[in-house]
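One structure is given here, and the rest of the page talks about it.
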């Protein structure tokens, strides 16, 4: 008679039914095994007799399942009866297993539950369970045989979700198929959690963080779509946003409210794996996430290669069968996953603005003061960071405080160091990072240029509070801040860019045009894209020197090179308008730049050739306090005689100091300066006055 007579093997489990009790299910499976073994062998080896019921007892229990397997006295189970029953029922519920499929799973667990099953001679059990034993256990009736074939079919959830896998073992030189239970299922039943996050480097747990902001409406939408217990298959949620907006931690917070964890899957990690292994890895990650009551968030979708095809294939095959919260994070302008049969929905998380991040910093700061709050607000405006990282940032800042002194108070300067070093990106050979040391005291500017420098600093300081807050809609969301410095060589364009960076406590990122510009079509634009992408999360000022060499006037397209050169100019114009930091372009000849740049720049500053008054100030400012000058050195006279730029005056001062030191003179004499001026004028191709 079939064990499944009168039982709806396709019905969902009932917590009040004995069929859901782990001990009772296991006892019935053990009894089936004992009866099958005695049918084949008639006698049980004496050493194993304590693991078997007497034959008469087996017959007595055939219609009334006994409660506990006899071998339990020798091999205790890994957890309590209640815990094992709960986990078994979770497997049935999560993977929509029939009662028959549940029993197949329990049979394949036998060698892990007790070693006597595989040690018993001719038991049909080794590391796994042989197909012959399964046939003997579950083929007493035609109905059971059909159910067995269905449960062992590749389309069964037992194999779709890799709960079981089959292998071939040679027994007496005869290949025999064995079915083995997944190690993850075993560890899940033992209460150790699943194994995917240990077996694979791809899934990483996402931590919750109180500093992460997300709209209440977003939490309600996600809860309604995929977290509340309804029967429909939840859609894949594509969550649009921007970099460093804390979406992962926000999702973790939302899932945590529903007693769920969140796993992070970086799809780029799968690109270096062969396609069959890609699909297997994704299937096992889905399986283990279901067992651990976790959701999965997939990141860097647009940056991945061939792995996207495998991921979509597995998701479309498995997700319609289960209720797994699955998210994909994308940029609103980037590629999104396209599913043919799987429903998906796009939601958006607004990027946290500087004001919101400033408030979070102030909440986490150990003490409150007006000056500290103002500095924290400035840091929030100037540096790109995720709200979820605030706890870590403050911990690192405290180490800088300790370096300053054991009893020192944590200051905004400590946090500024943390943000500065964390924001630095590796530009490779495309750009060089300059740590500025020269200040406004080291540069002599005309009143008009100095005024424009102050206006640039004010625009940076007040961008969030004025430009973005009041004019974001008027400008179409364009938030770029750019400046064009033009003038003759040596008039202070590069020095002015460095001084601005020093005043803002940040780096100057000087783009190397020799590395950016390529003779190959499209490569220059690709290099520019990489520079801007890295610079967007770097706090430095992006500086293009001699920019006319790259961004000259667009010309009539006569060949492919001309067309792509024009594309490069158009591409830069687009990036300038949307770049969140400051971009400075410097050129000796403004007329060489495309005319479209003029209206796109926030500031255009002309560095004129210095007049006599400015040159006099430069001659006064160039000499370090550690050097002594002769009494007959007249700065006004030098300004008239030399007619030099600030860069040339610096060269003259350096050479004059070297000449004085070489003569072991304790003062720099006028003849040293005269000699250095003649050398500098010769370099410039001009006659001395």
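The values are calculated or read from the model by the stated rules, or taken from the named source; none is laboratory data. These numbers were taken from a predicted model, which means no experiment stands behind them. Positions of Cβ are generated from backbone atoms using ideal geometry, with glycine treated the same way; all protein chains shown enter the neighbour counts.
List of remarks:
- Any chance residue 433 is modelled with pLDDT of 90 or more and under 28 Å from residue 602 (Cα atoms): yes
- Of all the residues in segment 300-329, those that are surrounded by 19 or more Cβ atoms within 10 Å (Cβ to Cβ) and either in contact with a strand residue (DSSP E or B) (Cβ under 6 Å, 6 or more places away or on another chain) or free of Cβ contacts under 8 Å to residues at least 12 places away in the same chain (or both) number 6.
- For segment 602-636, filtering for residues that are more than 16 Å from residue 487 (Cα to Cα) and either in a loop (DSSP other than H, G, I, E, B) or touching a residue at least 60 places away in the same chain (Cβ under 8 Å) (or both) leaves 16.
- Apart from one condition, residue 17 fits all of (1) under 48 Å from the mean Cα position of the chain (by Cα); (2) modelled with pLDDT of 85 or more; the exception is (2).
- Exclusive hit being in the same structural domain as residue 449 (by TED's automatic domain parsing), surrounded by fewer than 20 Cβ atoms within 10 Å (Cβ to Cβ) and out of contact with any strand residue (DSSP E or B) (no Cβ under 9 Å at 6 or more places or on another chain), set 626, 595, 616, 602: 595
- Taking (1) touching a helix residue (DSSP H, G or I) at 6+ places or on another chain (Cβ under 7 Å); (2) free of Cβ contacts under 8 Å to residues at least 60 places away in the same chain in turn, residue 383 satisfies each apart from (2).
- Top-ranked residue of segment 351-364 - restricted to ones that are in contact with a helix residue (DSSP H, G or I) (Cβ under 9 Å, 6 or more places away or on another chain) and part of a loop (DSSP other than H, G, I, E, B), ranked as surrounded by the most Cβ atoms within 10 Å (Cβ to Cβ): 352
- The lone exception for residue 187 - which of (1) modelled with pLDDT of 85 or more; (2) buried (at least 19 other Cβ atoms within 10 Å of the Cβ); (3) out of contact with any strand residue (DSSP E or B) (no Cβ under 8 Å at 6 or more places or on another chain) it fails: (2)
- Output for segment 167-182, where each listed residue is surrounded by 15 or more Cβ atoms within 10 Å (Cβ to Cβ) and either free of Cβ contacts under 8 Å to residues at least 40 places away in the same chain or under 15 Å from residue 106 (Cα atoms) (or both): 178, 179, 180, 181, 182
- Unique match (being closer than 23 Å to residue 351 by Cβ and either part of a helix (DSSP H, G or I) or at pLDDT 90 or above (or both)) among 380, 384, 395: 380
- Residue 115 falls short on exactly one of the conditions (1) farther than 18 Å from residue 22 by Cβ; (2) without any contact (Cβ under 8 Å) to a residue 60 or more places away in the chain; (3) touching a helix residue (DSSP H, G or I) at 6+ places or on another chain (Cβ under 8 Å), and that condition is (3).
- Subset of segment 78-98 that is in contact (Cβ under 8 Å) with a residue 40 or more places away in the chain and assigned to a loop (DSSP other than H, G, I, E, B) - its residue that is farthest from residue 34 (Cα to Cα): 96
- Residue satisfying condition, being assigned by TED's automatic domain parsing to the domain that holds residue 209 and in contact with a strand residue (DSSP E or B) (Cβ under 7 Å, 6 or more places away or on another chain), within set 273, 282, 236: 236
Quick grid of which residues meet (1) assigned to a helix (DSSP H, G or I); (2) assigned by TED's automatic domain parsing to the domain that holds residue 381; (3) farther than 26 Å from residue 607 by Cα:
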position: 422; (1), (2), (3): yes, no, yes
position: 448; (1), (2), (3): yes, no, no
position: 468; (1), (2), (3): yes, no, yes
position: 483; (1), (2), (3): no, no, no
position: 500; (1), (2), (3): yes, no, no
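- Single residue of segment 269-293 satisfying the filter (without any contact (Cβ under 8 Å) to a residue 60 or more places away in the chain and surrounded by 17 or more Cβ atoms within 10 Å (Cβ to Cβ)) that is farthest from the chain's Cα centre (by Cα): 279
- Scanning segment 255-270 for residues that are touching a strand residue (DSSP E or B) at 6+ places or on another chain (Cβ under 7 Å) and either part of a loop (DSSP other than H, G, I, E, B) or closer than 9 Å to residue 295 by Cβ (or both) turns up 255, 260, 261, 262, 263.
- Here 139, 130 are screened, and the one residue that is under 47 Å from the mean Cα position of the chain (by Cα) and either surrounded by fewer than 19 Cβ atoms within 10 Å (Cβ to Cβ) or closer than 19 Å to residue 318 by Cβ (or both) is 130.
Let's see how each residue does on (1) under 21 Å from residue 356 (Cβ atoms); (2) modelled with pLDDT of 80 or more; (3) in the same structural domain as residue 162 (by TED's automatic domain parsing):
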{"site": "208", "(1), (2), (3)": "yes, yes, no"}
{"site": "213", "(1), (2), (3)": "yes, no, no"}
{"site": "217", "(1), (2), (3)": "yes, yes, no"}
{"site": "225", "(1), (2), (3)": "no, yes, no"}
{"site": "230", "(1), (2), (3)": "no, no, no"}
{"site": "241", "(1), (2), (3)": "yes, yes, no"}
{"site": "246", "(1), (2), (3)": "yes, yes, no"}
{"site": "250", "(1), (2), (3)": "yes, yes, no"}
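- Single match in 572, 576 (criterion: part of a helix (DSSP H, G or I), out of contact with any strand residue (DSSP E or B) (no Cβ under 7 Å at 6 or more places or on another chain) and either within 23 Å of residue 433 (Cβ to Cβ) or modelled with pLDDT of 80 or more (or both)): 572
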